[in-house]
Every structure is written in C-alpha cells, then in structure tokens.
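Chemist: I'd like to ask you about the structure that follows.
Quick note: the coordinates plus some simple rules give every number you see, no bench work behind them. Everything numeric in this text was worked out from a predicted model, so none of it was measured. A quick note on method: Cβ atoms are made from the backbone with ideal geometry, for glycine too, and the neighbour counts reach across all protein chains shown.
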C-alpha cells in the first residue's frame, strides 16, 4: 500500500493542565495569527478537516491525518514548543476516543475547574475559525454540533456549573479571601480580552469595589466596556506604571507572547498583589525579587476553588448520561455513513456474481429462462442485503469489523474502509 492509499484517521493531539505546567503550556500556546497560518498550511497539504484551539489550560489540534505526527509537527511549528517536550506531556487520542474527548471538553468534564463553561465559548470560536478558513468537513461539523447540543443540555439539565467557579471568578474569590476590605482596594486590570472582561464583571458583581482602573491597548474597546459598566475608570499604556504605583492589586489579562509586566514596571513601596491570568504568563517572575509583591497564576487559582467543586462531582453521572445520548446519536450517524456505501458495494458485488453465474448456466442449460433466473436471483440479492442492513444496525455490531468481513468475503475491493468514512 503506497502513502496515497493509507486511510486517514480522526485524531486529537495536544497538551493540557493535566500533564503540562503553566510554563510548558505557555511554550505550546499558539497565537491567533499562527492558528490561521496553521489552518492554511494544513489545507494546502490536503488535510481534510482540522480545528485548532489554544487556551490558558490547553492547546489541541483535532482533525484527520494519516499519522498523528502530521498534526504534532504543525503544533510544534506554530508554537515555541519542541517534539521532545511534547512527547513528555502530550495526549494523543484516535477515532472514538478523540470523539469522546471533545464531548468531555464541551460538557465541562475536562475543564481544569470542573464544570467551567468558558471552554465552550473557546471551542465555538475554534470551530468558527476553522469554518471561516474552510478546514471543516461534514464529519467535524456534525460532531461539533452534537458536542454543542450536549453542552447546552448539560447546562440546562444538571448542576454541574452551579455556583460561579471559573478562572476569572477564582481571581475575585482569591481577593475576597485575601483582603478583609477588598471593596476599598485600588484595583488595576490590564488587558480586556474575554478573561479580563469576565474578571472585571465579577469584581463589580461580587464585591462592592467601584475603584477599578482599566488599561487596554485599544482604548476605544475599553471606553465601550466602561460605558456599559459603572465603577470603572480608564487609563492608557502611557499611564500604566503610574496606575500600578498607586494600586493594591494588579490583574494582568493581556494576550502577549512575552511578559508585559516585569520588575521594571513596578515602582512602589506598598504591598502589591499581582494576579496573572494570561497564558503564556505575562508577568515576569522577577517581580518576586521586590519586597511586598505577591504573584498568583492560573494554576494557583485553580487550587483555591477545589473545595467548592465537591458538589459538582455528584452531577457527573447525570452529565455522562446526557453525553452518551448525544454521542450515541453521532455514532449512529457515522455508522449510517459507513454502511450505506458498504451495502451499495455489496449489491454491486452480488450483481456481478449473479451475471457471471447466469452467463455460465446459459452455456450449460439449453433454453435457460434468463428473465426468470434474474427475477429469482434479484430476490435473493435483496434478502441478503436486507439481512446485512439489520446486522449492521444492531447495537452489538462492530460496524468496521463487519464491513471489513463483507469486503473480504465478497471481494469488494472498491470499498474504502477509511476510519472517517
């Protein structure tokens, strides 16, 4: 079998908080710009169906390839990671396991904070980005729709996300636990991406603090946000150091590939709590050389919320029941896509056998009624294919193995048994 004939399989390759610490995840983080370049290269190489997602907790590529290294090499090329480190901390799943993995992500079971639904929005963005770049196919579109439907059902029908527990809320919870007078503290929020927005909203909702100073590279974006939320003052990049000088708390939610805050950025004698919500880390650890500076990152925040998650664990059986329902429907769709062409190929093979046998018998039997023979054998072909359809639809049937047997028994060489069929 040459390389062009090797069937593609559905893979998920990547790394997450489970094995990779914050520094390692930062190394494999892929910028939005590079995500687009990655998808474009994959498309040019003929990879049919691929999405890429890079968040503070995980970087993953999901799609079809002849070998997972095709996807791994793209990840390494467009991040700052290397293959040796990837092997140490990676996770690679294939076909059904990869499908299950996406369902787990979409229903909050794979979140660093159990039930955290921020990942669902990020998954939607990754899917939309792939659609915009033309790197999705019918399989991925059906799968993603099934995952998002399951996610919605879990959110509406279970308490897996009960309470407000997310990285953005954990930052607020930390401040509420750390300060007895958090409402009176001057807080600077630097960066207004999704996490920066959510953190600021949580500060306004769960504390009485109305002394929040917001700095963002695009000031118009910050001005629009401030209009919708009272209790926010605005600053710009030029006045950032001055704002930090007077602050009690600095929350960094910038999206840079290198630190945006370091020791040189700080110029105050009063104690300062810095919460780094960025990935890769946007606060240089040299700030810890300064007296009175406390630095908290996303990994440390996740530890704070563990006590609130015990009740959510009781919801897992209900979540898995919903997950199995939607995954079962997706599996049924996939099996149908597989056995319909298989049955068509089986019919073609049986008709070929039929014609060969009628031709053979017409030479041996004088005045053979060919029309009658065809009518009888056509009925047999229909009964055989009907029985195979019933077999393939049965719950206990392993469709791939059954189709493989059919292919071998009936010499169905034209049937391609790709995993993504």
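Chemist: Using 7 Å Cα-to-Cβ label points, what is the residue 21/residue 67 separation (nm, one decimal)?
Modeler: 3.3
Chemist: Right, something else. Over all directions, average the projected area of the Cα convex hull of the range 228-303 and note it in nm².
Modeler: Its Cα hull, projected and averaged over all orientations, spans 5.9 nm².
Chemist: Hey, in the GNM for the chain with a 10 angstrom Cα cutoff, which one of 401, 237, 122 fluctuates hardest?
Modeler: 401
Chemist: Given Cα pairs under 8 Å that are at least 6 residues apart, what percent is the relative contact order of the chain?
Modeler: Relative contact order comes out at 15 percent.
Chemist: Return one number: the angle in degrees, 0 to 90 and rounded to the nearest 10, between the long axis of the Cα atoms of helix 138-157 and the longest principal axis of the Cα atoms of the chain.
Modeler: 50
Chemist: Rounded, prolate or oblate: pick one for the chain, where a ≥ b ≥ c are the square roots of the eigenvalues of its C-alpha gyration tensor, a/c under 1.5 means rounded, and failing that, prolate if a/b is larger than b/c, else oblate.
Modeler: Prolate.
Chemist: Further, regarding this structure: For 300, 371, what's the fewest-to-most ordering of other Cβ within 10 Å of each Cβ?
Modeler: With the sparsest Cβ surroundings first, the list reads 371, 300.
Chemist: Which of 402, 161, 73, 111 has the fewest other C-beta atoms within 10 Å, and how do the rest follow up to the most?
Modeler: Taking fewest neighbouring Cβ atoms as first place, the list is 73, 402, 161, 111.
Chemist: With the cut-off at 1.5 for a/c, could you classify the range 3-162 from its C-alpha gyration tensor as rounded, prolate or oblate?
Modeler: oblate
Chemist: Pull out the extension gain between residue 291 and residue 181, defined as 0.36 nm times the separation in residues minus the alpha carbon to alpha carbon distance; nm, one decimal.
Modeler: Roughly 37.4 nm would be gained on extension.
Chemist: Most exposed first by the Cβ proxy, i.e. fewest other Cβ within 10 Å, how do 326, 117, 190 rank?
Modeler: Neighbour counts put them in this order, fewest first: 117, 326, 190.
Chemist: Compute the helix-to-body angle for 32-44: its Cα long axis versus the longest principal axis of the chain, expressed 0 to 90° and rounded to tens.
Modeler: Helix 32-44 and the main axis of the chain meet at about 20 degrees.
Chemist: Could you identify which residue out of 159, 369, 229 has the top mean-square fluctuation in a GNM of the chain using Cα springs shorter than 10 Å?
Modeler: Per the Cα network of the chain with a 10 Å cutoff, 369 tops the list.
Chemist: At a Förster distance of 30 Å, what's the computed FRET efficiency of residue 237 paired with residue 331, Cβ-Cβ distance as r, to 0.05?
Modeler: 0.05
Chemist: For a quick check, take a GNM of the chain with Cα springs below 10 Å and name the residue from 322, 51, 365 with the largest mean-square fluctuation.
Modeler: Comparing 322, 51, 365 in the GNM, the peak value goes to 365.
Chemist: Under the classification rounded if a/c is under 1.5, otherwise prolate if a/b is larger than b/c and oblate if not, where does the range 167-308 fall, given a ≥ b ≥ c as square roots of the Cα gyration tensor eigenvalues?
Modeler: Rounded.
Chemist: Here is a follow-up. In the chain, what % of DSSP beta bridges are antiparallel (nearest 5)?
Modeler: 45
Chemist: Given points 7 Å out from each Cα along the Cα-Cβ axis, report the residue 91 to residue 313 separation in nanometres with one decimal.
Modeler: Going by the 7 Å Cα→Cβ label model, 1.8 nm.
Chemist: Separation of the range 204-254 and the range 337-401 by C-alpha centroid, Å?
Modeler: Their Cα centres are 73 Å away from one another.
Chemist: To the nearest Å, what is the center-to-center distance of the range 84-138 and the range 272-316, using C-alpha atoms only?
Modeler: 23
Chemist: Out of every Cα-Cα pair in the range 114-179, what percent are more than 18 Å apart?
Modeler: More than 18 Å apart: 51 percent of the Cα pairs in the range 114-179.
Chemist: Could you work out the helix-only [θ] at 222 nm for the chain, with each DSSP H run of four or more residues adding -39,500 (n - 2.57) and the total divided by the number of residues, to the nearest 500 deg cm²/dmol?
Modeler: -16500 deg cm²/dmol, from helical runs alone.
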